[in-house]
Amino acid sequence: MRTLLQTSSEIAIRYLEDIGNRKVAPSGEAIDGIERFREQLPESPTDPEQVIRMLDEIGSPASMAMAGPRFFGFVIGGSLPAALAANWLAAAWDQNSALYEVTPATAVIEEVALEWLVDLFGLPNYSGGAFVTGATVANFTALAAARHEVLKKADWNVEANGLFGAPPITVIVSEEAHPTLFKSLGMLGLGRNRVIRVPVDGQGRMRAEAIPTIAGPSIVCTQAGNINTGAFDPIGEICDAVRSAGAWVHIDGAFGLWAAATHKYSCLTEGITKADSWATDGHKWLNVPYDCGITLVRRPHALQAAMAITAEYLPTESTYRNPSDFTPELSRRARGIEVWAALRQLGRRGVSDMIDRCCRHARRFAGELANAGYEILNDVVLNQVLVSFGDAETTRKIIADTQTDGVCWCGGTVWQGHTAMRISVSSWATTDEDVEMSLKSILKVAGKYASSGL
């Protein structure tokens with residue numbers, strides 16, 4: 001076992017040490033190579049070291065260098081050294097972190113990490129939460145608590161009686177809400193299409209004055225960090241507008257909520273403490289390994305009522321918090337360990353510095369691309385940059401050729417009718433040199449189309 005684990009760690013370390021020197025996207029040859037995995041299930045055992053070496057030989061070259069410093073395609077960070085090492089150790093512990101009485105170490109570490117997050121974001125200190133897989137399930141979990149609470153006020157027990165015959169719930173969302181929010185609403189039986197969509201302004205912010213008058217059980221879903229522009233809904237104003245109706249206000253802050261942890265950008269999150277629940281990702285701007293989503297709620301009892309589980313064979317009686325009382329899963333890995341490690345490594349100042357640095361890189365991308373004559377479509381308020389290189393066809397070609405060039409990887413999007421390259425800067429590892437290299441690549445590709453007159 002020792003030899004196998006040492007071999008595996010050496011392979012992983014070498015992969016990370018070399019990641020900045022390779023093309024970000026895998027080559028066509030490497031992608032073709034993964035077909036070698038399509039084989040019949042072996043009849044006999046295979047030496048485990050051979051298994052790992054096969055994964056490295058075939059899988060590593062075919063992987064996208066998301067852990068590297070020049071992947072800007074989605075809001076994805078790499079893995080901080082302490083978080084990655086904690087992930088390895090937690091995997092070795094192999095704790096099914098559901099119940100305090102069975103796995104006390106992981107239960108306490110996760111509880112501490114949640115308390116640190118509440119403090120870091122400046123939320124009410126009595127708030128609670130859970131670690132889940134990502135923002136989709138974080139939204140789902142928070143909205144389950146919302147569904148419980150608004151129906152409880154209408155004297156309906158949704159966990160016991162379901163939605164058949166329940167008072168209808170009005171759900172209000174932004175016209176530019178993220179697709180994962182609609183997926184969460186669908187899974188909760190609240191419907192992807194029966195929502196009321198509120199129009200947005202020129203930066204994708206929900207227009208608070210356009211929210212209709214509401215009554216009865218209601219949930220209002222806001223956004224901290226538009227996935228295209230990085231813009232924030234006027235959350236405080238929205239909370240004030242719907243509070244008298246008793247609505248639950250939820251914030252999808254998959255990456256934008258982290259702005260609350262900075263001195264420079266916390267002004268963008270003004271009013272978030274008035275909300276009832278918040279969803280974010282650790283594997284985005286905290287740069288912990290996949291997967292890690294975070295649900296936080298103002299009233300932990302609502303989350304516990306929606307998620308708690310009991311059974312005769314489970315030691316659920318405890319004087320301490322059982323993680324499974326707050327998550328959709330019973331069996332689950334202790335993904336909060338990496339969050340604790342990242343926060344312990346960085347501290348409050350380190351988190352703020354990392355986010356500030358990413359935003360500074362984004363402004364540099366926008367500034368130099370604008371100086372080169374290309375159109376920046378959004379106000380660069382955070383880490384998101386939308387750039388148009390002219391017509392839609394030319395923009396798409398430049399995105400594709402930049403990806404093929406391999407120095408960096410930027411994605412495409414269509415936002416408010418404009419086709420654009422989207423540059424998302426989220427990695428702790430991105431340096432000024434990485435931005436310089438990436439800009440040279442993008443401008444080189446774009447320059448070819450300009451010189452050809454296309």
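The values are calculated or read from the model by the stated rules, or taken from the named source; none is laboratory data. Source: prediction; values computed, not measured. Note: ideal-geometry Cβ built from the backbone for every residue, glycine included; neighbour counts use all protein chains shown.
A few points about this structure:
- Residue within region 88-103 that is farther than 29 Å from Ser266 by Cα, touching a Leu at 6+ places or on another chain (Cβ under 6 Å) and among the hydrophobic types (A, V, I, L, M, F, W, C) present: yes
- Here is the figure for region 209-228: residues that are of a type in the set (Val, Ile, Thr) and in contact (Cβ under 8 Å) with a residue 60 or more places away in the chain total 2.
- Among the residues making up region 329-339, a single one is among the hydrophobic types (A, V, I, L, M, F, W, C) and surrounded by fewer than 24 Cβ atoms within 10 Å (Cβ to Cβ): Leu330.
Condition check ((1) in contact with a Lys or Arg (Cβ under 7 Å, 6 or more places away or on another chain); (2) among the hydroxyl-bearing types (Ser, Thr, Tyr); (3) at pLDDT 95 or above) across all residues:
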{"position": "Ile76", "(1), (2), (3)": "yes, no, no"}
{"position": "Ala83", "(1), (2), (3)": "no, no, yes"}
{"position": "Asn87", "(1), (2), (3)": "no, no, yes"}
{"position": "Leu99", "(1), (2), (3)": "no, no, no"}
{"position": "Leu123", "(1), (2), (3)": "no, no, yes"}
{"position": "Gly134", "(1), (2), (3)": "no, no, yes"}
{"position": "Ala145", "(1), (2), (3)": "no, no, yes"}
{"position": "His148", "(1), (2), (3)": "no, no, yes"}
{"position": "Lys152", "(1), (2), (3)": "no, no, yes"}
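- Flag if Gln345 is at pLDDT 95 or above and more than 21 Å from Leu80 (Cβ to Cβ): no
- Remark: pairs (first residue in region 395-424, within 20 Å of Ile19 (Cα to Cα); second residue assigned to a helix (DSSP H, G or I) and aromatic (Phe, Trp, Tyr); Cβ separation under 8 Å; 6+ apart in sequence or on different chains) = Ile423/Phe365.
- Enumerated strands (runs of 3 or more DSSP E) restricted to region 337-454, each holding at least 1 residues that are more than 21 Å from Ala260 (Cβ to Cβ) and among the charged types (D, E, K, R): 418-424
- Residue check, Asp391 surrounded by fewer than 16 Cβ atoms within 10 Å (Cβ to Cβ), over 27 Å from Ile19 (Cα atoms) and at pLDDT 95 or above: yes
- Within the option set Ala279, Ala306, being crowded, with 19+ Cβ neighbours inside 10 Å, at negative phi and not in a helix (DSSP H, G or I) holds for one residue only, Ala279.
- Note on region 138-182: residues that are surrounded by fewer than 19 Cβ atoms within 10 Å (Cβ to Cβ), aliphatic (A, V, I, L, M) and within 23 Å of Pro212 (Cα to Cα) total 2.
- Selection over region 1-16 of residues that are surrounded by 12 or more Cβ atoms within 10 Å (Cβ to Cβ) and free of Cβ contacts under 8 Å to residues at least 40 places away in the same chain gives a count of 3.
- Tyr100, sole failed condition from (1) outside any helix (DSSP H, G or I); (2) within 24 Å of the chain's Cα centre (by Cα); (3) farther than 27 Å from Gly246 by Cβ: (2)
- Set Ala113, Ala12, Ala86: member being assigned to a helix (DSSP H, G or I) and either touching a strand residue (DSSP E or B) at 6+ places or on another chain (Cβ under 8 Å) or at positive phi (or both): Ala113
- Hits in region 118-146 (condition: under 19 Å from Ser324 (Cα atoms) and in a helix (DSSP H, G or I)): Ala135, Thr136, Val137, Ala138, Asn139, Phe140, Thr141, Ala142, Leu143, Ala144, Ala145, Ala146
- Extreme residue, nearest to Asn287 (Cα to Cα), among residues of region 350-377 that are surrounded by 16 or more Cβ atoms within 10 Å (Cβ to Cβ) and either at pLDDT below 95 or touching a strand residue (DSSP E or B) at 6+ places or on another chain (Cβ under 6 Å) (or both): Ala362
- Matching residues in region 251-288 - criterion: being within 16 Å of Arg205 (Cα to Cα) and more than 16 Å from the chain's Cα centre (by Cα): Cys267, Leu268, Thr269, Glu270, Gly271, Ile272
- Any chance Thr106 is over 19 Å from the mean Cα position of the chain (by Cα), hydroxyl-bearing (Ser, Thr, Tyr) and over 28 Å from Arg207 (Cα atoms): yes
- Count - residues of region 343-359 that are more than 19 Å from Val425 (Cα to Cα) and touching a helix residue (DSSP H, G or I) at 6+ places or on another chain (Cβ under 6 Å): 2
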